[in-house]
Amino acid sequence: MMKAIIVDDEPKSRLNLELMLAEYCSSVQVAGNTGEPETAAALIRETEPDIVFMDVELQGCLGFELLHEFPERKFDIIFVTAYDDYALRALKEQAMDYLLKPIDHEELEVAIRKVHEKRKDAGSVVMPQAFTQAAIAKSRKMRIPFEGGIKFVDIDEVVHIKSTNNYSELFLANGTKILCAITIGRLEEQLKNDCFIRVHQSHLINLNHVVNYYRNDGGWLEMSDNSQIQVSRRKKEELLRAFLEFSR
């Protein structure tokens with residue numbers, strides 16, 4: 001059984017989360033909750049929780065400021081918030097997950113499983129299976145059919161892929177562009193275990209080649225080849241979650 005506390009200045013949100021944990025995450029026991037940043041630190045020290053569920057915007061401060069009182073944390077942090085603007089900062093704080101309100105119970109269950117896996121492995125770095133497989137498969141190559149035959153391309157060298165009608169254009173780290181007769185949907189399926197994620201109807205990107213993510217203008221990525229990739233609103237939350245998982 002893992003102990004958890006909830007830090008959220010909205011009483012209804014605290015109650016809803018506690019009820020969801022009781023219904024869907026029986027391995028988690030809520031040891032306390034508070035809406036006051038002033039009492040949250042004391043509650044953490046008193047209960048020594050395994051998990052702290054924390055809203056980002058608390059009364060008078062951000063949850064990140066509260067975490068700075070615990071430079072050597074023994075608990076895992078899961079942010080629960082109505083705003084997606086802080087996901088990258090949550091990544092820097094080594095958050096286990098970043099859940100958007102209203103909370104989806106399946107996403108909550110996934111977050112709890114991540115904590116279980118991390119603790120089961122006694123502190124070893126845990127990455128999603130897809131990304132672990134990608135690290136093992138560095139030597140694998142993509143087979144790209146073209147008019148004159150088949151080209152073999154190192155997966156790690158692919159920065160991003162752009163859809164062009166029924167074709168796809170691969171952009172490589174060395175500046176080479178390759179046009180292939182495979183749709184971006186098929187490539188997405190082939191590369192789903194290799195750190196690639198669809199960020200737009202027309203773009204598939206390699207997380208290893210992301211240099212910066214910018215929230216302005218709806219959200220866009222700067223890649224290692226200096227290209228700029230727009231992130232669709234529908235894919236934004238999925239991308240931010242991938243950043244959190246990829247950084248573990």
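What follows is calculated from the coordinates using simple rules that are stated; it is not laboratory data. What you see is a predicted model; the values in this text were computed from it and never measured. When we count neighbours, we look across all protein chains shown, and the Cβ atoms used for this are built from the backbone with ideal geometry, even at glycine.
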Worksheet item: Roughly what % antiparallel, to the nearest 5, for the DSSP beta bridges in segment 2-126?
Response: 10
Worksheet item: Roughly how many Å is it from the Cα centre of segment 180-248 to that of segment 90-113, as a whole number?
Response: 20
Worksheet item: When only C-alpha pairs under 8 Å and at least 6 residues apart count, what is the relative contact order of segment 153-231, in percent?
Response: 24
Item to complete: Only bridges with both residues in the chain count here: give the DSSP antiparallel percent, nearest 5.
Response: 65
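Give me the dipole magnitude in Debye, nearest 20, for the chain about the Cα centre, with unit charges on the beta carbon: positive for Lys and Arg, negative for Asp and Glu.
1120
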Item to complete: Report, to two decimal places, the Cα Rg of the chain normalised by 2.2 N^0.38 Å (N = number of residues).
Response: 1.15
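Listed here are the pairs K118/K192; K114/K141; K151/K177; K141/K192; K74/K236; K12/K101; which of them are more than 20 Å apart at the Cα?
K118/K192; K114/K141; K74/K236
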Practice prompt. Taking the Cβ of D225 as the centre, find all other residues whose Cβ is under 11 Å away and add up their charges (Lys, Arg: +1; Asp, Glu: -1).
Written response: -1
Worksheet entry | Among L62, A82, A31 the positive-end extreme of the charge dipole of segment 1-92 (Cβ point charges) | A31
Discussion item. Please state the shape class of segment 2-126: rounded when a/c is under 1.5, otherwise prolate if a/b exceeds b/c and oblate if not, all from the C-alpha gyration tensor.
Written reply: rounded
